[in-house]
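To keep things clear, I will list the structure first and then write my remarks on it.
The values are calculated or read from the model by the stated rules, or taken from the named source; none is laboratory data. All of these numbers come straight from a predicted model, not from anything done at the bench. FYI the Cβ positions are ideal-geometry reconstructions off the backbone, even for glycines, and counts take in every protein chain you see.
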Amino acid sequence: MVEKWDDNYFLLGPYFEKKASSEFEAITDLDDSPAGRIVKRMREMGYAVHYGYWLVTGKPRVVLFDLDSVAKDLDAIKFNLWEKSRIPTINVEPLVNQTLCFGEMVRLFLKEYAEDNAKREEIFAQFHEWMASSGLPELKRDNVKVAMTFTTHATMLGRYLAQNVSGFYNKLPFFDWEQEAKNYGILAQCSVERQAALNAHVLTTVSDVTARECEVFLGRMPDLVTPNGLNVVRFQAVHEFQNLHLKHKERIHEFVLGHFFPSYSFDLDKTLYFFTSGRYEYSNKGYDLTLEALARLNWKMVQANMDMTVVMFIVTKQPYYSVNPDVLQSRAVLNELQETCTAIEKEVGEKLFLATAAGADHKMPDLNQFVDEYWRLRLRRTIQSWKTEKLPAFVTHDLKEEDGITDFCKKANLINNERDRVKIVYHPDFISSTNPLFGLDYGQFVRGCHLGVFPSYYEPWGYTPLECVVRGVPTVTSDLSGFGDYIMQIMRDYENRGIYVINRKSQTFSQAADQLADILFKFVRMQRRDRIMQRNRVENISDVFDWTNLRSYYDTAHDLAAKRRKP
């Protein structure tokens, strides 16, 4: 966007001091740019407004509103929303109050901006989600000269209903939006979302999957679909991303050594790393289907007497007390074991060199004689404290309460028994480089894995499989996710390219679990060479999802909004 609009592009957002301290660089000398002038005027009106650069790729200008400076007007804002748009906001949660303050600041800013600049230039405003958009209906009513596009990434009701109503998609045409919003206590949010959608010059959503919801819940079909992308960084050397896979896989090997090998061992050269990640929405994100398929995969692998092992990482965010002490202990002892072996290796190396140089015969010396008693004893003690009779924990943290994932693993006996070919590592916290167990950031962890598994039931778009594609990691998605639906539209041989799409539209849960288990079983039986070729093929299509190519959808939406704004 900065490439296209340069200084005429800037973002409006709420000001949160903690985040701003690391991601925001203020412009102290307010320039005479159009945005700078309005910031100055709003400050004179008594509002706390920050202006500067957002420290991300492109370094766009941002205007951030301190919501406390408008909080005193909250009652008047709410009265106005009810009187003019019939948006009910009594007794809403604090987060909704914050969004109403933000929406009002956005409205004031755009109104002032249009008064100053509308005669000279076309002004476009892109609203993302209901949380930014409570001021949109009034901007339309006051005929403020701004071409407004509203994008919903997921409908509020869709999120709630999909995880609570079985057969959600079949029942979709029959829901009464207002009644359901009251049932879930989200009438204010849904009303803001609906009014924003109805009043925007152009309505877009991120996938055809969500477009169907818009018609029912927002009372309007989207004008077009604006798919999500990423900033794709391709390497000059084709093999570079394969090298990164090997490098980060070694770090995952270290974790697996520390986690499983105190109890029993398996061949790391014949081990595949699968993962799933995202918000904890047990059925929406397809965790239930993934676990069912893994149980079936485990049975298939045991029956086939395979010597391969699959380690499945489930990465999501759940309340916990701390990292499991046993997990931390085994990790610490692994480090101790490594240090001891390195010291012995150094000592043996030096003494072997001297003995060989001074020796008269050509025989290999007995290496045991080169190890000091101290190191022998230390190694023996470390091994003793390393080995355990316990099974490796299938949850890395002490959870505050059991959840769907732990319940399923116990019922299905997927608890890391030695005979099982599928091992579970449930990590109820997001992965970052400061993580004591992995020491990798999320992107590095993804690169180190062999397959991402995301057979979502409700997923307006789905960044997680896309993040796999751009890192050259094959992935599983579903035809009910926006990403999966889009792939099926633009590509014929997607499975050959390492993108597997589970049919969740017309299959039962059990049929979908069978399909997923078959895909995983087929993947496990692939030769290493075939997996490397598939990683190459999946990385080759990542350019399709680069914002450089996908921005054009937004350009089209903005042009259409400009046409519609003019009477």
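Could you check, for region 33-53, whether at least one of its residues is of a type in the set (A, V, I, L, M, F, W, C), surrounded by 13 or more Cβ atoms within 10 Å (Cβ to Cβ), modelled with pLDDT under 90 and closer than 19 Å to V106 by Cβ?
As a first pass, look at region 33-53 and keep what is of a type in the set (A, V, I, L, M, F, W, C): 35, 38-39, 42, 45, 48-49.
Retained after the next criterion (residues that are surrounded by 13 or more Cβ atoms within 10 Å (Cβ to Cβ)): 35, 38-39, 42, 48-49.
Narrowing the set further to residues that are modelled with pLDDT under 90 leaves 35.
Still in the list and also closer than 19 Å to V106 by Cβ: 35.
Within region 33-53 (the criterion being of a type in the set (A, V, I, L, M, F, W, C), surrounded by 13 or more Cβ atoms within 10 Å (Cβ to Cβ), modelled with pLDDT under 90 and closer than 19 Å to V106 by Cβ), the answer is yes, since at least one residue qualifies.
Here is a check on your reading of the model: is D485 part of a helix (DSSP H, G or I) and surrounded by fewer than 19 Cβ atoms within 10 Å (Cβ to Cβ)? Give the steps one after another, and end with the answer.
Numbers: part of a helix (DSSP H, G or I): yes; surrounded by fewer than 19 Cβ atoms within 10 Å (Cβ to Cβ): no.
So D485 fails the test.
For D269, the stated conditions hold: it is assigned by TED's automatic domain parsing to the domain that holds Y500 and free of Cβ contacts under 8 Å to residues at least 12 places away in the same chain.
Looking only at region 35-70, residues that are part of a helix (DSSP H, G or I) and among the polar types (S, T, N, Q) come to 1 in all.
Does L291 satisfy being crowded, with 23+ Cβ neighbours inside 10 Å and either among the charged types (D, E, K, R) or at negative phi (or both)? I'd like the intermediate steps shown before the answer.
Numbers: crowded, with 23+ Cβ neighbours inside 10 Å: yes; either among the charged types (D, E, K, R) or at negative phi (or both): yes.
Yes: the conditions hold for L291.
Looking at K351, is it of a type in the set (D, E, K, R), buried (at least 16 other Cβ atoms within 10 Å of the Cβ) and modelled with pLDDT of 95 or more? Walk me through how you get there before you give the answer.
On the way: of a type in the set (D, E, K, R): yes; buried (at least 16 other Cβ atoms within 10 Å of the Cβ): yes; modelled with pLDDT of 95 or more: no.
Criteria not met by K351.
Taking (1) within 18 Å of N228 (Cα to Cα); (2) without any contact (Cβ under 8 Å) to a residue 24 or more places away in the chain in turn, P460 satisfies each apart from (2).
State all residues of region 481-504 that are closer than 12 Å to P455 by Cβ and more than 17 Å from the chain's Cα centre (by Cα); if no residue qualifies, say none.
Y500, V501, I502, N503, R504
Conditions (1) assigned by TED's automatic domain parsing to the domain that holds L451; (2) among the polar types (S, T, N, Q); (3) touching a Phe, Trp or Tyr at 6+ places or on another chain (Cβ under 8 Å); (4) buried (at least 16 other Cβ atoms within 10 Å of the Cβ), marked per residue:
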| site | (1), (2), (3), (4) |
| --- | --- |
| V473 | yes, no, no, yes |
| T477 | yes, yes, yes, yes |
| L480 | yes, no, yes, yes |
| R492 | yes, no, no, no |
| K505 | yes, no, yes, no |
| R529 | yes, no, no, no |
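When region 62-83 is filtered for residues that are in contact (Cβ under 8 Å) with a residue 12 or more places away in the chain and of a type in the set (A, V, I, L, M, F, W, C), the ones remaining, listed by number, are V62, V63, L64, F65, L67, V70, A71, L74, I77, L81.
Could you check region 488-530 and list, in sequence order, the residues that are farther than 26 Å from N231 by Cα and part of a loop (DSSP other than H, G, I, E, B)? Once the filter is applied, which keeps residues that are farther than 26 Å from N231 by Cα and part of a loop (DSSP other than H, G, I, E, B), region 488-530 yields N503, R504, K505, S506, Q507, T508, R525, M526, Q527.
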